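The values are calculated or read from the model by the stated rules, or taken from the named source; none is laboratory data. Since the structure is predicted, the reported quantities are computational estimates derived from the model, not experimental observations. Positions of Cβ are backbone-derived with ideal geometry, glycine not excepted, and every protein chain shown enters the neighbour counts.
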Amino acid sequence: MTSTAPRRTVITAALAAAAAAATTAAARPAAAASAAPATAAGRHGHGGGAAPDDAPVDYHAWTTFPQWLSGTHAGTLPVPGVRPGLRIARAHGTSDYTDPHTGTTAAWEYASWTSPVRRVPHPASELIASWNAHTPAGTWIQVELLGTYTDGTATPAYVMGRWTAGDGPEDIRRTSVDDQTDGKSSIWTDTFSIDDTTAGPLLASYRLRLTLYRKPGSRLTPTVWRLGAMASDIPDRFTVPASVPGVATGVELPVPAYSQNIHKGQYPEYDNGGEAWCSPTSSTMVIEYWGRGPTAEQLAWVDPSYADPQVDQGARYTYDYQYEGCGNWPFNAAYAATYQDLQGVITRLHSLSDVETLIAAGIPVITSQSFLASELDGAGYGTSGHLMALVGFTADGDVVANDPASDSDAVVRNVYKRAQFETIWLRTKRINASGGVSGGTGGVCYLYFPAKPSPRQRRALAAVGVV
């Protein structure tokens with residue numbers, strides 16, 4: 001399958017040629033390429049280098065007991081405690097769901113919660129939801145966006161994801177939902193995007209509707225601990241101003257190093273195998289940094305001859321059956337949060353200074369970027385979409401990255417020039433190998449951190465807009 005998007009996770013040198021064929025910036029399968037927008041781009045035609053302060057980002061989440069008490073409940077119950085959450089108290093209704101990936105139709109009890117209105121401080125051109133949940137076998141959740149445009153009209157009830165942690169016979173297949181649009185905006189796998197920001201309205205406010213499902217008569221329930229969304233309006237930019245090395249200069253976190261490439265050919269039913277597993281490989285590295293990971297029992301399905309079976313585990317349980325890949329951003333964050341006392345968030349950062357703030361507090365950052373081989377010295381490959389874990393900075397302020405697109409675990413650690421890396425990560429437009437224009441992610445990142453961060457970690461997260 002040809003990669004057409006910043007998010008697609010096939011990482012080989014040959015992908016520079018694939019990127020050249022993609023003159024749109026969709027992070028989507030080829031069928032969507034003709035219409036998909038530049039992921040993360042505000043598309044206002046600013047051009048050149050836009051200052052980070054001109055790129056508004058608003059991450060907002062519901063996580064506390066008082067927050068779960070708010071909004072509109074239809075059979076749901078807020079649960080207090082060390083990690084407050086939301087559960088099913090009683091079934092509000094029953095509905096049939098035909099799983100498009102198995103063909104199975106089954107009845108499900110459900111209850112729902114609709115958040116209060118979140119008014120975006122600056123009208124947004126894109127929104128990405130993310131969530132942290134426990135879903136026992138035979139349960140699942142659906143997250144929907146209910147938005148209001150700046151012209152006062154409403155969006156459809158957009159499905160942002162149907163999630164379950166498992167894939168057993170009692171479970172649905174976790175999935176994004178294609179072909180959602182109203183002529184003003186569209187859903188591209190996991191991203192709400194305004195179709196034409198130069199002509200149409202932007203997103204002024206939104207609510208998130210969370211629906212919890214279980215088998216009829218069951219006493220099991222999903223528990224959701226965090227539900228949030230990042231709304232942004234990143235201007236078109238081919239370059240960004242370089243940041244100055246700061247608080248994390250010379251700091252390097254002890255994040256385990258794993259190669260995706262040693263998994264080539266393994267379990268091709270999950271996005272063609274390891275060569276496409278940059279996202280779950282990066283997630284695995286950071287999950288293990290926090291002292292978490294799958295048990296031997298959970299890994300028993302993996303061929304015992306395979307090294308680093310936890311990477312195979314990550315690929316299997318982040319796989320989006322509609323997208324046919326492991327690079328769904330919220331699904332990776334949700335997977336990380338299936339491990340005890342971990343949280344996962346998808347947001348955007350403004351610069352490597354933000355990354356330094358987090359690194360200095362002990363929080364690694366997983367970033368998404370696309371580039372030609374000539375644009376990132378030392379990488380040795382080009383890609384239309386790749387994830388890697390940023391683990392520190394050299395004494396000169398250059399980026400220390402655990403890059404999973406490496407031939408072995410021993411060479412995963414790489415140092416990339418600060419200005420080059422900042423550009424390929426933060427830009428929303430780029431010139432591809434054929435001279436056409438493709439897209440970039442505009443600073444998208446995954447943040448994984450403890451359910452109870454330290455005071456320093458809380459301050460660092462708050463400084464980048466995550467609370």
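Structure above, values below:
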{"item": "Those residues of segment 361-394 which are more than 12 Å from Val415 (Cα to Cα) and polar (S, T, N, Q), in sequence order", "result": "Thr367, Ser368, Gln369, Ser370, Ser374, Thr383, Ser384"}
{"item": "Flag if Pro78 is assigned by TED's automatic domain parsing to the domain that holds Tyr213, more than 24 Å from the chain's Cα centre (by Cα) and either modelled with pLDDT of 95 or more or on the phi > 0 side of the Ramachandran plot (or both)", "result": "yes"}
{"item": "Qualifying strands (runs of 3 or more DSSP E) (wholly inside segment 126-209; at least 1 residues being under 23 Å from Thr441 (Cβ atoms), free of Cβ contacts under 8 Å to residues at least 40 places away in the same chain and not assigned by TED's automatic domain parsing to the domain that holds Ala334)", "result": "154-163, 185-188"}
{"item": "Identity of the residue in segment 406-458, β-branched (Val, Ile, Thr) and not in a loop (DSSP other than H, G, I, E, B), that ends up nearest to Asp377 (Cα to Cα)", "result": "Val415"}
{"item": "Tabulated pairs, segment 367-392, first touching a residue at least 40 places away in the same chain (Cβ under 8 Å), second of a type in the set (Asp, Glu), C-beta under 7 angstrom, 6+ apart or interchain", "result": "Met388/Asp403; Val391/Glu252; Gly392/Glu252"}
{"item": "Breaking point among (1) touching a Lys or Arg at 6+ places or on another chain (Cβ under 8 Å); (2) closer than 30 Å to Val117 by Cα, for Pro245", "result": "(2)"}
{"item": "Identity of the residue in segment 161-208, hydroxyl-bearing (Ser, Thr, Tyr) and at pLDDT below 95, that ends up surrounded by the most Cβ atoms within 10 Å (Cβ to Cβ)", "result": "Thr197"}
{"item": "Criterion: of a type outside the set (Asp, Glu), over 26 Å from Thr318 (Cβ atoms) and more than 20 Å from the chain's Cα centre (by Cα) - qualifying residue of Pro121, Pro136", "result": "Pro121"}
{"item": "Odd one out for Pro453 among (1) modelled with pLDDT of 95 or more; (2) crowded, with 17+ Cβ neighbours inside 10 Å; (3) over 25 Å from Tyr339 (Cα atoms)", "result": "(3)"}
{"item": "Flag if Glu275 is among the acidic types (Asp, Glu) and part of a loop (DSSP other than H, G, I, E, B)", "result": "no"}
{"item": "Test: residue in segment 103-111 that is part of a strand (DSSP E or B), at pLDDT 95 or above and touching a Lys or Arg at 6+ places or on another chain (Cβ under 6 Å)", "result": "yes"}
{"item": "Some residue of segment 233-250 being of a type in the set (Phe, Trp, Tyr) and under 30 Å from Asp409 (Cα atoms)", "result": "no"}
{"item": "Scan of segment 362-405 for residues that are closer than 19 Å to Arg427 by Cα and in a loop (DSSP other than H, G, I, E, B), ordered by number", "result": "Leu372, Leu376, Asp377, Ala379, Tyr381, Gly382, Asp398"}
{"item": "Some residue of segment 403-422 being among the small types (Gly, Ala, Ser) and in contact with a strand residue (DSSP E or B) (Cβ under 7 Å, 6 or more places away or on another chain)", "result": "yes"}
{"item": "Any hit, segment 259-267, residues being farther than 30 Å from Leu145 by Cα, surrounded by fewer than 22 Cβ atoms within 10 Å (Cβ to Cβ) and free of Cβ contacts under 8 Å to residues at least 24 places away in the same chain", "result": "yes"}
{"item": "Looking only at segment 326-343, and only at residues there that are in contact with a helix residue (DSSP H, G or I) (Cβ under 9 Å, 6 or more places away or on another chain) and polar (S, T, N, Q), the one that is farthest from Arg292 (Cα to Cα)", "result": "Asn328"}
{"item": "Those residues of segment 312-361 which are acidic (Asp, Glu) and assigned to a loop (DSSP other than H, G, I, E, B), in sequence order", "result": "Glu324, Asp341"}
{"item": "Matching option when the condition is closer than 22 Å to Gln457 by Cβ and not basic (Lys, Arg), among Ala379, Ala334", "result": "Ala334"}
{"item": "Among the residues listed as Val224, Val244, the single one being assigned to a loop (DSSP other than H, G, I, E, B) and touching a residue at least 24 places away in the same chain (Cβ under 8 Å)", "result": "Val244"}
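Residue-by-condition table, conditions (1) buried (at least 24 other Cβ atoms within 10 Å of the Cβ); (2) under 26 Å from Ala333 (Cα atoms); (3) under 24 Å from the mean Cα position of the chain (by Cα):
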{"site": "Leu372", "(1), (2), (3)": "no, no, yes"}
{"site": "Asp403", "(1), (2), (3)": "yes, yes, yes"}
{"site": "Phe421", "(1), (2), (3)": "yes, yes, yes"}
{"site": "Arg430", "(1), (2), (3)": "yes, no, yes"}
{"site": "Gly436", "(1), (2), (3)": "no, no, no"}
